[in-house]
1. Can you work out the FRET efficiency for the pair residue B:15 and residue D:63, with r the C-beta to C-beta distance and R0 = 25 Å, to the nearest 0.05?
2. Output the relative contact order of chain C, whole-number percent, from Cα pairs under 8 angstrom with separation of 6+ residues.
3. Given a cut-off of 23 Å, name the pairs among A:98/C:73; B:25/C:86; A:18/B:89 whose C-alpha atoms lie farther apart than that in the structure shown.
4. Report the Cα-based extents of chain A along its three principal axes, largest first, to the nearest Å.
5. What is the sum of charges around residue A:24, taking Lys and Arg as +1, Asp and Glu as -1, for the other residues whose C-beta is under 9 Å from the C-beta of residue A:24?
6. What aspartates and glutamates sit close enough to residue D:97 to cross-link, taking a C-alpha to C-alpha distance under 15 Å and skipping anything fewer than 8 places away on the same chain?
7. If each residue's Cβ is checked for other Cβ atoms within 10 Å, how do B:8, C:5 rank with the fewest at the top?
8. Treat each spin label as a single point 7 Å out from the Cα along the C-beta direction, and report the residue B:26 to residue D:25 distance in nm.
4 protein chains.
Amino acid sequence: MLAEFTIFPIGEGVSLSKYVARSLKLIDESGLAYRINPMGTVVEGEWDEVMALIKKCHMAIREDTERVSCTIKIDDRKGVSGALQKKIKSVEEKVGKKLAQ
Amino acid sequence: MLAEFTIFPIGEGVSLSKYVARSLKLIDESGLAYRINPMGTVVEGEWDEVMALIKKCHMAIREDTERVSCTIKIDDRKGVSGALQKKIKSVEEKVGKKLAQ
Amino acid sequence: MLAEFTIFPIGEGVSLSKYVARSLKLIDESGLAYRINPMGTVVEGEWDEVMALIKKCHMAIREDTERVSCTIKIDDRKGVSGALQKKIKSVEEKVGKKLAQ
Amino acid sequence: MLAEFTIFPIGEGVSLSKYVARSLKLIDESGLAYRINPMGTVVEGEWDEVMALIKKCHMAIREDTERVSCTIKIDDRKGVSGALQKKIKSVEEKVGKKLAQ
């Protein structure tokens, strides 16, 4: 399945990149395939491994902050792997051109 | 923490209430405090128990459908319990009137 | 259509109820049918009136804060009105009991 | 502001790329800066131009389908432009390496 998630603390100022970086180090070390975008990170994997990673990221931010927002959007399609690349490729073929990623 | 979630199959027609009902039976049996609304269900609990319930609901819909959409929004505030009631009460006090739930 | 939305400032502390109350006064005055829940507000109406209301709420919070998060989830079903009540009723019939709202 | 959005029909089968392509043609023609990812598209612009584009995409899918799901996530930070690039750059600097986009 694919899961996009976004985790940030509320009440720790307006600059959040140091918290996002904390998450991204954990994601990068996880070994799961991922892609970052300006609003979140998309990972691909099975439910348990994806959710274990999201919990790890959430707890790494929660440990020294008082309130944490976490949003997760899952697209789970049977028998599909490599969706991280395939979904974009399939749309680009239909649009008939390369699109900005 | 509070978690609102919405789970439905894609490609099984436009009427989704039978799938939502399947989720809600599991939520109701879970023992966790919850509130339903027209766009999702909000549950209150610790990370592991909430996520175990969401997985159960997701898998119950996935077992006989091909593609499932699941969105989760978490608000995790340290040292707060009973947030399911408290958040609405606190806002109603500031607005100065009872609001439609 | 139904639209659930959640708007809050980032970096203005952990207590957000005064900002949520600001939104809810505008929603209550709008004349649109709505229901609040612990994670957001669901309104029913046509695209333009719903989006005008969400913009008003967003701007009311943005005017004296530096960074605002706004999430919107829309369910737009042709020929359906009164969905605010109907969706819950339809699920409760299938579950066979009244559920906590 | 940055807005990530995802629009798809419910009940039109499991393959959605032809609908996503319809949206992406409109986004590409809009002239707004954007980035696609496997779970949605992030655009940058002022409230009115971004929302006009999202409405256009939503209505293009709604015209020949019965039910449409649309989710929008907005990050609106005062005085910041070029956030589409800056947010990722700022995180990569803190992580200390290039990340997969």
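1. Working: r = 21 Å, r/R0 = 0.82.
Rounded to the nearest 0.05, the efficiency is 0.75.
2. Details: 127 pairs, mean separation 42.2, N = 101.
Relative contact order here is 42 percent.
3. Values: A:98/C:73 28 Å; B:25/C:86 18 Å; A:18/B:89 34 Å.
Pairs exceeding 23 Å: A:98/C:73; A:18/B:89.
4. Sorted from largest, the Cα extents of chain A read 46, 29, 20 Å.
5. Details: positive: A:22, A:25, D:94; negative: A:28, D:92.
Net of charged neighbours comes to +1.
6. Reachable aspartates and glutamates: A:28, A:29.
7. Details: B:8 20, C:5 24.
Fewest to most other Cβ atoms nearby, the residues stand as B:8, C:5.
8. 3.9
Readers should treat all values here as calculations from the given coordinates under stated rules, not as data from a laboratory. Model, not experiment: these values are computed from the prediction. A quick note on method: Cβ atoms are made from the backbone with ideal geometry, for glycine too, and the neighbour counts reach across all protein chains shown.
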